[in-house]
Amino acid sequence: MASGLNRMGDNREYEYKADRSAHREEFSKIVDWIPEGSRVLDLGCGEGSLLKLIVERKKALVEGIEISPSGVEVCRSKGLKVRQGRIDEALPWEDDAFDYAVCNVTLQMVMYPEKLLSEMGRVATRQIVSFPNFANLRNRLELIFFGRMPRAMLFGHAWWNTGHIHQLSISDFKELVKKKGLEIKKSAYFGRLAIPGVVSLSPNLLSTIAMFELVNPKKYN
């Protein structure tokens, strides 16, 4: 999900503008993981910044789905094929319609993340998922010393006006992946403490954003 303009000072509803675009640090790694010419679906595509980057760099065939009407409108103004809808329910695509399904920092904002993962595994051969790791060191220290829900990963918002309704850790995510019968093929970690060669010692403690490429072993093999 790309950043948008928030209503009422929260990040539950996004209003996107045609003259605004976003670039997150995960974008380059996502593009690196996608081979040229792939069929790609972006779930929670915001105003289409990531989709546009994938098209430009990988000549991919892309589609998107976004719940915000303004996000869909901006995407279409950029020439992107995007429909409006929720991403944590049955998706309107056939099995294996895509090579890659991408969900960038949006998993924690849907009501049914387990359904989202299942649908990603159904419509695409491979899945790329990133999310804020709420078990990082800064969050742990804030909870210990201040005794309140950490705000570092909520981008300045509080527990009551954030769209982050499922605050998960890397360990939580891996548990869900295993339960859904998926397999992790690649991983990448981001954040100030995510120093290459060091973060691998304890990514659940040191990273603020985690990203994984998943496959369904039954399909892949």
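The values are calculated or read from the model by the stated rules, or taken from the named source; none is laboratory data. Because the structure is predicted, anything quoted here is derived from the model rather than measured. Glycine also receives a Cβ, built like all others from the backbone with ideal geometry; neighbour counts cover every protein chain displayed.
So in region 28-47, with the set limited to residues that are of a type in the set (Gly, Ala, Ser) and under 13 Å from the mean Cα position of the chain (by Cα), which one is surrounded by the fewest Cβ atoms within 10 Å (Cβ to Cβ)?
Step by step, filter region 28-47, then rank; the result is Gly44.
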>> Can you pull out every residue in region 196-221 that is hydrophobic (A, V, I, L, M, F, W, C) and more than 17 Å from the chain's Cα centre (by Cα)?
In response: Val198, Val199, Leu201, Leu205, Leu206
> In this structure, does Phe212 turn out to be hydrophobic (A, V, I, L, M, F, W, C), within 29 Å of Asp96 (Cβ to Cβ), part of a helix (DSSP H, G or I) and touching a strand residue (DSSP E or B) at 6+ places or on another chain (Cβ under 7 Å)?
Replying inline: no
> Within region 81-100, is even one residue aliphatic (A, V, I, L, M), farther than 26 Å from Lys174 by Cα, touching a residue at least 12 places away in the same chain (Cβ under 8 Å) and surrounded by 21 or more Cβ atoms within 10 Å (Cβ to Cβ)?
Replying inline: yes
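Condition test on Arg148, is it outside any strand (DSSP E or B), more than 19 Å from the chain's Cα centre (by Cα) and either more than 22 Å from Gly181 (Cβ to Cβ) or not polar (S, T, N, Q) (or both)? Show your work before the answer.
Numbers: outside any strand (DSSP E or B): yes; more than 19 Å from the chain's Cα centre (by Cα): yes; either more than 22 Å from Gly181 (Cβ to Cβ) or not polar (S, T, N, Q) (or both): yes.
Here the answer is yes, as Arg148 does meet what is asked.
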>> Six or more apart or on different chains, Cβ atoms under 9 Å: show the pairs whose first residue is in region 170-186 and over 15 Å from Phe134 (Cα atoms) and whose second is part of a helix (DSSP H, G or I) and of a type in the set (Asp, Glu).
In response: Leu176/Glu114; Lys179/Glu114; Lys180/Glu114
> If you take the residues in region 121-145 that are under 12 Å from the mean Cα position of the chain (by Cα) and hydrophobic (A, V, I, L, M, F, W, C), which one is nearest to Ile34 (Cα to Cα)?
Replying inline: Ile128
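Being of a type in the set (D, E, K, R), in contact with a Ser or Thr (Cβ under 9 Å, 6 or more places away or on another chain) and crowded, with 16+ Cβ neighbours inside 10 Å narrows it down to one of Glu213, Glu142, so name that one. Please lay out each step first, then the result.
Numbers: Glu142 fails: in contact with a Ser or Thr (Cβ under 9 Å, 6 or more places away or on another chain).
After ruling out the rest, the residue left standing is Glu213.
Return yes when Ala152 is in contact with a Gly (Cβ under 7 Å, 6 or more places away or on another chain) and not charged (D, E, K, R) and no when it is not. Full working, then the answer.
Details: in contact with a Gly (Cβ under 7 Å, 6 or more places away or on another chain): no; not charged (D, E, K, R): yes.
No, not satisfied.
Tell me yes or no: at least one residue of region 153-165 is part of a helix (DSSP H, G or I) and surrounded by 15 or more Cβ atoms within 10 Å (Cβ to Cβ). Even if it seems obvious, please write down each step before you answer.
To start, the set of residues in region 153-165 that are part of a helix (DSSP H, G or I) comprises 153-154.
Restricting the remaining residues to those that are surrounded by 15 or more Cβ atoms within 10 Å (Cβ to Cβ) gives 153-154.
Yes; the residues of region 153-165 include at least one that is part of a helix (DSSP H, G or I) and surrounded by 15 or more Cβ atoms within 10 Å (Cβ to Cβ).
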> Among the candidates Ala188, Ala152, which residue alone is under 17 Å from Lys29 (Cβ atoms) and hydrophobic (A, V, I, L, M, F, W, C)?
Replying inline: Ala188
>> Looking only at region 123-163, count every residue that is free of Cβ contacts under 8 Å to residues at least 60 places away in the same chain and either aromatic (Phe, Trp, Tyr) or under 30 Å from Phe98 (Cβ atoms) (or both) and tell me the total.
In response: 6
> Ile128 fails exactly one of the following numbered conditions: (1) at pLDDT 95 or above; (2) surrounded by fewer than 19 Cβ atoms within 10 Å (Cβ to Cβ). What is the number of that condition?
Replying inline: (2)
> All but one of (1) within 23 Å of Tyr14 (Cα to Cα); (2) surrounded by fewer than 17 Cβ atoms within 10 Å (Cβ to Cβ) hold for Arg148; which doesn't?
Replying inline: (1)
